[in-house]
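No value in this document is a laboratory result; all are computed from the given coordinates. Quick caveat: nothing in here was measured; it's all calculated off a predicted structure. No Cβ is skipped: glycine too gets one built from the backbone with ideal geometry, and neighbour counts run over all protein chains shown.
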Amino acid sequence: MHPMLNIAVRAARKAGNLIAKHYETPDSVETSQKGSNDFVTNVDKAAEAMIIETIRKSYPQHTIITEESGEHAGEDQDVQWVIDPLDGTTNFVKRLPHFSVSIAVRIKGRTEVAVVYDPMRNELFTATRGQGAQLNGYRLRGSSARDLDGTIIATGFPFKAKQHATSYMNILATCIPNARISAAPVPRPWIWPTLPLAALTATLKSR
């Protein structure tokens, strides 16, 4: 395992365990609002601090960029850890058990390592450039389907609903004739954070 991936996994699991404990004790969660449908909690901040501490123990000179507290500049600007400690805060606040810890490592502008950890399902997605992507240690492979017939498609919409409402409605109007809205659940849907997805996609394409 790439040494930075090992630290990213350790940090993600620590933060994920903390988040899961708070999810089970909602009275311990303190919530404030940064904007429309844009929440931050004491759990975001505590998880972020835990991740930073874990990284700093092994890589004190690296730069860390976080969702809540911004950039923590290090002597080594070529290596950047990009962190969303609680990706899906709105779901967490609304008591929907679909959120993750997301960590990526960029070296000289290229994403090299990525981790997405779902603490509620105990699902750990990992990827290292050129070595493929894994879920709980098992290799992930792209579908062999050549078209959309017989496939299941899931999507989501950004939280800035008012600014993009017309576009959303146009998309839905196009999809509804070919869909059964809420008729059956999509098995294990997931919203992937951008940077980890970029790394996962790059590694899958390299195979």
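Structure data summary
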{"quantity": "Contour excess over end-to-end distance, with Cα ends at Arg110 and Arg95 and 0.36 nm allotted per residue", "calculated": "1.9 nm"}
{"quantity": "Mean separation of Cα contacts under 8 Å, 6 or more apart, over the residue count of segment 1-96: relative contact order %", "calculated": "26"}
{"quantity": "Computed label-point distance, nm, for sites Asp149 and Glu53 using a 7 Å Cα→Cβ extension", "calculated": "5.7"}
{"quantity": "Of Thr90, Ala73, Gln33, farthest towards positive along the dipole that unit charges on Lys, Arg, Asp, Glu beta carbons give segment 24-116", "calculated": "Thr90"}
{"quantity": "Contour minus Cα-Cα distance for Lys34 and Leu140 (0.36 nm per residue)", "calculated": "34.6 nm"}
{"quantity": "Subset of Lys57/Lys108; Lys21/Lys94; Lys57/Lys94 violating a 27 Å alpha-carbon distance limit", "calculated": "Lys57/Lys94"}
{"quantity": "About the Cα centre, charge dipole magnitude for segment 57-142 (Lys/Arg +1, Asp/Glu -1 at Cβ), debye", "calculated": "460"}
{"quantity": "Amide H within-cut-off set for Gly74, under 5 Å, with H built and near neighbours excluded", "calculated": "Thr63, Ile64"}
{"quantity": "Segment 28-95: mean projected area of Cα convex hull, nm²", "calculated": "4.9"}
{"quantity": "Burial ordering of Ile103, Ile152, Ile171, fewest other beta-carbon atoms within 10 Å first", "calculated": "Ile152, Ile171, Ile103"}
{"quantity": "In Hz, Karplus ³J(HN,Hα) per residue of segment 90-107 (6.51, -1.76, 1.60; θ = phi - 60°; x = Gly, Pro)", "calculated": "4, 4, 4, 5, 7, 6, 9, x, 10, 7, 8, 9, 10, 9, 10, 10, 10, 10"}
{"quantity": "Protection proxy ranking of 49-61, 116-128 - average other beta-carbon atoms within 10 Å, highest first", "calculated": "116-128, 49-61"}
